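A short write-up of the structure that comes next.
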Amino acid sequence: MTRAELLAQYGRKERDALVADLRTATFLVRPDAGDGDTFRFAHTSFQEFFLAHHLLRALESDRRSDWQMPLPSRETLRFLGELLNAHPHGKGLLATLELWRSPYLPMSSEVQLGYGLVAREVGLPAPRLSGMDLRGAQLAGWTFTGTASSPLDLSRCAFTAATLARTTAQHVRLDRANLGAADVRHVVWDDVSLRDAGLAGSRWDGAVVRGSASASLPAAPGLREIPRSLATPVPERRQLSRPTGHTGWVGAVAYSPDGARVVSAGRDGSVRCWDAATGEPIGAPWTGHTGGVAAVAYSPDGARVVSAGGDGSVRCWDAAIGQWLVAMVGAADGSSATWRSDQTLTSVHVEAWRWLRVTTYDAAGRALSVDPYEWHYPTDGGQAFATR
């Protein structure tokens, strides 16, 4: 069921009728095939829908502390925007949200900022973000994007001692913002205005700042400032296609080596293959995981795809037909691996390494030993191949 269908069917339904519907609905499933006592939502859209309602109820009751949670998924924040858009008092609730800009409240302020960025991007009711108190906020790796004609306004925001490392930003106004003692290392910022911004004590190691109007940035190792007059304009992002088919959010995507196909990993438990040029799905969903899929990658020759799921399995697929060939069951949630061009595995994440073995060969191709994979290749001149 799509987000719009959920809203249309349940958004304004009477409580008694809704309860009757829910009584016969399949909401929960046992990921362990009924042998254990754990449950999960049958469809992640339900989880996101109810979480969005929780955020809305907190806003209606002015309970800011109820927003103190890890950043919800993008789909949850979109649900919230659509609920606000349809709410009879939506403007008043948006005004309440703007009152929450200060003082900083851990996690709640990050959720508020995250909602504002998503809502602005997709054209849903968005609060003003300028002047937010984000002192000490944990924003590492975030993306802040405006347009040349409508920059994202974060002016007068307090980012004192905030973590902004590895963020990317394009067409953003940070005029009169306070970045004192902020971690701004390894950022890539294009057309970011920092006029009259407070920068005392901020760290800019390895940062790339292109075409930005700014005060003088503090000296830092590896800092690259490219003046506006010398910077190559960064083209506006343009959506080429928007494939749809997963019933929940997508956790990862990967291009085939020839660039002709894309595979995607979905929270709905499926892997899907797409035509990279047209965005059309190729064949049926690849099924086998019993939980959401967190990571996906092609082998260098394009013949295989490996996926890592929240069900604790890593699966290898025939890329041509979408049939899984082998499953390594029991790996930790979110395990994944990467290949080298010569087909050897080079790294594994979380605990997938427990399921791998390394065979060491001598110069004549004779196997010397088979040992547990220990996150490094053996020495003594042998060549290492990771095998199951």
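Values computed for the structure shown
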item: Charge context of D205, other residues only, Cβ under 10 angstrom, K/R +1, D/E -1; result: +1
item: Global form of segment 106-199, assessed from the alpha-carbon gyration tensor, a/c cut-off 1.5; result: rounded
item: Accessible area per residue in Å² at 1.4 Å probe, computed on segment 70-206; result: 40 Å²
item: Cα-projected label distance for A148 with E225, points at 7 Å along beta-carbon direction, nm; result: 2.4 nm
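The values are calculated or read from the model by the stated rules, or taken from the named source; none is laboratory data. Quick caveat: nothing in here was measured; it's all calculated off a predicted structure. Every residue, glycine as well, gets a Cβ built from its backbone with ideal geometry; the counts of neighbours run over all protein chains shown. To get the accessible areas, we keep the full protein, side chains included, count just its heavy atoms, and leave off ligands, DNA and RNA. Shrake-Rupley method; radii C 1.70, N 1.55, O 1.52, S 1.80 Å.
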